[in-house]
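Beneath this line is the structure, given in C-alpha cells, with notes to follow.
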Amino acid sequence: MKKFALLTVTLLMGTSCFAQTKNLPEPNMQHKTLSVMEAYQQRKSVREYSAQPLSEQDLSDLLWAAQGKNRADGHLTAPTAMNRQEIRLYVFSEQGVSLYDPQTHSLTQVAAGDHRDIVAGRQDFAKSAPVSLVMVADMDKFGSNNQHAQWMVSVDTGIVCENINLFCSAAGLCTVPRGTMDAKAIQSLLGLTDNQIPLINNPVGYSK
Ligand SMILES: Cc1cc2nc3c(=O)[nH]c(=O)nc-3n(C[C@H](O)[C@H](O)[C@H](O)COP(=O)(O)O)c2cc1C
C-alpha cells in the first residue's frame with residue numbers, strides 16, 4: 001500500500017513537471033498585416049531566420065491564425081472534414097515542446113528542452129528558426145484510418161499549414177512548409193501512437 005502511494009505521488013510529480021499550461025495573450029485582431037491579396041502576392045518559402053525569439057503576441061496571433069477558435073460554437077479558423085478538429089499543433093522552441101489548445105488559446109508544455117533538431121531532420125537551416133510548428137494528424141480523433149480518411153486528414157493538415165504560410169506572409173514573418181522531419185523521433189518524444197502522425201511542419205521566425 002505504501003509502495004502504491006509512493007508510486008502515485010512520484011507519477012503525479014512527474015506529470016506536473018510538464019503539465020504546465022500557459023494562457024496566450026488574446027489574438028490581436030488589429031495586428032498590422034498586408035491585405036489578403038497582398039499576402040498571396042508576397043507568400044514564398046524562406047529558409048533563413050533571425051535568432052530573435054518570436055514575441056508572445058506574434059506567437060499568439062500565429063497559432064490563432066493557424067487553427068484558433070473563431071466562433072462561440074468552438075469552430076476553428078481552419079475547416080476540418082466533418083469538423084473533427086483532428087490536427088494537433090505542437091510548438092517546438094529552445095525552451096521545450098508545447099501543445100496548442102484552440103479552445104482555450106493556451107499552450108501546455110509536453111516536453112522540456114530544445115528538440116528543434118528532430119523537426120529539422122536533415123535540413124540544418126530549420127534548427128535556426130526560433131519556433132517550429134509541427135502538425136500531427138490524430139487518426140483516432142478523426143475516427144477512421146481508411147484511405148478516404150487519410151486523404152481528408154491530409155487535406156485538413158494542408159489547410160492549417162497554408163493558414164500559417166499566409167499569416168506569415170501577411171505579418172512579415174518567414175516560413176517554409178516542410179515534409180522533412182524525423183517523424184519517428186517526434187512520435188517517440190511526444191509519446192504518440194502510430195495513429196498520431198507528424199505530417200508537416202513550419203519553422204517560423206523573423207527576417208534575417
Ligand atoms: C507538402 C510540401 C512539402 C514540402 N517539404 C519541404 C521540405 O521538406 N523542405 C523544404 O525545404 N521545402 C519543402 N517544401 C517547400 C517547397 O520546396 C516550396 O514550396 C516550393 O519549392 C515552391 O517554392 P515557394 O514556396 O517559394 O513557392 C514543401 C512544400 C510542400 C507544399
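Summary table below
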{"item": "Scope segment 115-128; condition within 12 Å of the ligand (Cβ to nearest atom) and either at negative phi or assigned to a helix (DSSP H, G or I) (or both); matching residues", "result": "119, 120, 122, 123, 124, 125, 126"}
{"item": "Qualifying residue in segment 48-71 (condition: over 24 Å from residue 127 (Cα atoms), among the basic types (Lys, Arg) and not in a loop (DSSP other than H, G, I, E, B))", "result": "yes"}
{"item": "Index of the failed condition, residue 108 passing every other in (1) over 14 Å from the mean Cα position of the chain (by Cα); (2) closer than 23 Å to residue 68 by Cβ; (3) away from the ligand (no atom under 16 Å from the Cβ); (4) surrounded by fewer than 17 Cβ atoms within 10 Å (Cβ to Cβ)", "result": "(1)"}
{"item": "Among residues of segment 134-167, those that are of a type in the set (Gly, Ala, Ser), in a helix (DSSP H, G or I) and within 14 Å of the ligand (Cβ to nearest atom), counted", "result": "2"}
{"item": "Matching residues in segment 111-151 - criterion: being closer than 14 Å to residue 196 by Cα, of a type outside the set (Val, Ile, Thr) and within 15 Å of the chain's Cα centre (by Cα)", "result": "135, 137, 138"}
{"item": "Residue pairs meeting the criteria (Cβ under 7 Å; at least 6 apart or on separate chains; first polar (S, T, N, Q), in segment 57-71; second in a helix (DSSP H, G or I))", "result": "67/160; 67/163"}
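A short reminder: the numbers here are calculations on the coordinates, not readings from a lab. Everything numeric in this text was worked out from a predicted model, so none of it was measured. Please note: Cβ atoms are built from the backbone with ideal geometry, for glycine as well, and neighbour counts cover all protein chains shown.
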